[in-house]
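Peer 1: My questions all concern the structure below.
Each reported figure results from applying straightforward, stated rules to the coordinates on display, with no laboratory input. Small disclaimer: the values here were computed from a predicted structure and weren't measured. Methodologically, a virtual Cβ is constructed for each residue, glycine included, from the backbone with ideal geometry; neighbour enumeration extends over all protein chains shown.
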Amino acid sequence: MAAGGGSAGAFALPPATAGGMFYRGGRRGGVARPRRPPLPAAVRQQRRPPPSCGAKKPRGDGTRGGGDVNGGDGDFDEDDDAAESMAWDFTRRSVFAVLAAGSLGLQLNIWGVENTDKIRDAARRYVPGLTADPSSPASAASRLAAARSRLTGAPAPEAPPPPPPVTVAPALAAALVAAPAAAAVGDLGLVTAAELAAAEAARATRARGLFPSSLPANDAELAAAALSGDVGALNFVLYVRYATLADLIPDTADRQALAAAVGSRLLTEPATGAPSGPPPSAADAAGWLAGLRRLLAGLIAAGYCDAAEVDDSAFDATGLWTDERREALSVTLRGVAVLPSSQLVAEEGGGALGTAAATEVLVAYLAGVGVHADAFSFFLDEAYRRDPRDYKPTSVVTQLDVSYGGGA
């Protein structure tokens, strides 16, 4: 880059000023020289070779503590590994601001296209605005693919198509929205309808910031979208309803009674797919386990979740109870559509009202066949994520301690 003449570039040095003078050689006999401004970080990176990101041989293979498979001095040790890790961590903290300016090609030039995954991970952590829908040209993945294509000459991969919208069956969506209010107002008399409506209106305004801005701005349109099964709108409405009820009903026992009443109401809704006909007896474990699976199949068909798994290994192949009449089983629901609303309520201290509705439906079904169930559920993120702050649960695991008769 020319020092003089031409137009000033991104890295052009400013002229020396009086404030930029210093004396080399101390106070006596020093010579005034202009202070040279520091070079930008990106230029400094280009002037010195980057630390190697190559894979290392494992220890115990006859080498002296491992070595660099790409070459090197053959004497790699823990200090070298720590220094390299520190160098990468410092670099991603200091230069990934360049990502926001669109200079992904510069990052690939510095670190090499083989480190595309590392650059993308750092972008996810330090520049969250780039982690939009991967199909968007503005996302980190799309911009990295385009920059890599320019450097290597390889054709850029086609952007993945946007995922299809996730919806819940409208009948089930309407039941999920109506059940908590009907149980709190009509079944248990814990709040009045007017009190609940006023509190929900106030919370809905505050809750907007917790959900995507793409939701309908009009409250009536938002409610209609939720009842039609739109998952984003449904999560918003369910969060507002359950969080408001948790504020209005602080007593733990009342919250537990409300959650149980919601489960009983949902079980009677045809949309949940509850098995019809005479219920099996509590002693017929094989019978009610089959009914439990039919109930879960109905929830899957209605879009409540993507898959369900029942671990009933405590019961033998004959489906018989042990002499104690007390067993344990677990139910895992994957891809639960309305999990975000439950997670938010649980994180805000909603107690039993932060439990996934399906858990209470399962407990209500078992109670209907004469089986007592103590349920404990938790949310699970089954995907590995480098950064724990990216925790995003999609599954609900419910542990059920079941008993009947003298085992209760």
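Peer 1: With a cut-off of 8 Å between alpha carbons and a minimum separation of six or more residues, what is the relative contact order of the stretch 170-407 in percent?
Peer 2: 21 percent
Peer 1: Shifting gears a bit: If you wrap a convex hull around the C-alpha atoms of the stretch 230-316 and split its volume per residue, what is the figure in Å³?
Peer 2: Hull volume over Cα atoms, normalised by residue count, gives 135 Å³.
Peer 1: To the nearest 20 Debye, how big is the dipole of the stretch 195-272 about its Cα centre, given +1 on the beta carbon of each Lys and Arg and -1 on that of each Asp and Glu?
Peer 2: 160 debye
Peer 1: Can you pull a Stokes-Einstein diffusion coefficient for the stretch 170-407 at 10 °C (1.306 mPa s), Rh from Kirkwood over Cα pairs, as a whole number of µm²/s?
Peer 2: The calculation lands on 86 µm²/s.
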